[in-house]
1. When only alpha-carbon atoms count, how far does region 91-138 stretch along each of its three principal axes, as whole angstroms with the largest first?
2. Quick one: accessible area per residue over the chain, 1.4 Å probe, rounded to a whole number of Å²?
3. Of Ser233, Leu369, Ile294, which is farthest towards the positive pole of the chain's charge dipole, taken about the Cα centre with +1 and -1 on the beta-carbons of Lys, Arg and Asp, Glu respectively?
4. Can you list the residues of region 202-220 with backbone N under 18 Å from a point 7 Å past the Cα of Ser131, pointing along Cα to Cβ?
5. Where does each of Ser131, Ser98, Ser73 land when they are ordered by accessible area, with a 1.4 Å probe and the largest first?
6. Tally up the carbon and sulfur contribution to the accessible surface of the chain as a whole percent, 1.4 Å probe, everything protein left in place.
7. Label 7 Å along Cα→Cβ of Thr336; region 172-216 residues with amide nitrogen under 20 Å?
8. Over 31 Å between Cα atoms: which of Lys141/Lys188; Lys108/Lys165; Lys250/Lys347 fall into that group?
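The values are calculated or read from the model by the stated rules, or taken from the named source; none is laboratory data. Being a predicted model, the structure only gives us computed values, none of them experimental. Ideal geometry is used to build each Cβ from the backbone, glycine not excepted, and the neighbour counts take in all protein chains shown. Accessible surface areas use protein heavy atoms only, side chains included; no ligands, DNA or RNA. Shrake-Rupley method; radii C 1.70, N 1.55, O 1.52, S 1.80 Å.
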Amino acid sequence: MKIAFIPSTFLPWHGGAEIQAHNTANKLAELGHDVDIFLLDKTKIDNRRYNTIKLNKLLINIIFILKYYFRISFNFILEYYFNKICINKKYDVWHFQSVNFKTLMYLKVLKQLKQKVVVTFHGADIQKDESILYGYRFDKKYEDFLSETIHLFDKVFAISDDVVKELNFFNFPKEKIIKIPNSIEIKKIKNVGNNNFDPKKLNIITVARFYEKKKGLDLIEKISDILIKNNISFTWTLVGRNSNLLLKKKFIKDNKNYFNIKDEIKNTNEIFFPHSELINLYKSNNVYANLARIESFGITIIEAIAAGLHVVSFNTKGANEIVINNQNGYIVDEYTPEKMANTLINKFNDNSFNKINESKEIMKYELELNTKLLLKNYAS
């Protein structure tokens, strides 16, 4: 099968949508399919089995500016441009991995060219959270364009129930929604390293880029303060892009001995994310703390569970579809630092974190399983 991927953003930007597109494209190629990823910028990616094709950025940017700022449509030029690609490549399906205003322009002309077009929404492109102003849809031009074009998709792959709810807002046909969660190469995670942590210390890890409100990083100070006041011996490892900004916080500077702050761990030499260095880091801890106020899915949560960690998470969108209370982790119903800290203390004191999490539920997030499900839906 010949498959074209259109990501709205891609590597070297390391986010959930970008990593998911990379992993899925590599798995499709491993299964014998021909995958091209179309990008606006030339990007050097050594750990890929797929092909990358650079689009004409100047042409697309001019058409975008005219459409977005002046409401002048030059779709006929874009249609001519993509028609040449379609004639030369003859793709069986175009799979949009997240969308933005520009990629919605591509979608419109591809449907005019009678191409099969599917999408996986990944969060900000479909979700809207008023409390933290999260989501592209706060841009009225984007929301209107999404509303205009969303019904052109042949199928939508929903990674979570919350994405399904947002699709219902747009009255997207239920029969065209296929639930396929984000997935990981579970075998790789299980085979890298051994779980190795100090059972006498609360070993916490959180993996998230520095996006304070969305990721809940503003709660770290208050949670940690409660742990310190309760004489809990702990180390909190925080990994992610711009995580060094946490060191500017006075509390963290004054209590640096409790924190292990690392920049995002990239992957340039292993086919699938996460990199072995991050897997080993997961396995040097015994609990994953999810502080996010909203996630489309929460891929680091399933990485942590696959690595044998218990997860303590607030009962928030995305996370509450993965974490099963008292099975693969613990749900904190009230979004307060006190409730999170007390759950961490209680479960640490009763030794709940000192055994490997051997959740069988994790297998439904196996990359190969869900990639084959994608293939089945491409063909139908």
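1. Taking max minus min along each principal axis of the Cα atoms, region 91-138 gives 40, 15, 10 Å.
2. It amounts to 44 Å² per residue over the chain.
3. Most positive-ward Cα: Leu369.
4. Flagged as within label range: 211-220.
5. Ranked from most to least accessible, the order is Ser131, Ser73, Ser98.
6. Of all accessible area on the chain, carbon and sulfur atoms account for 49 percent.
7. 216
8. Details: Lys141/Lys188 42 Å; Lys108/Lys165 24 Å; Lys250/Lys347 28 Å.
Pairs exceeding the cut-off: Lys141/Lys188.
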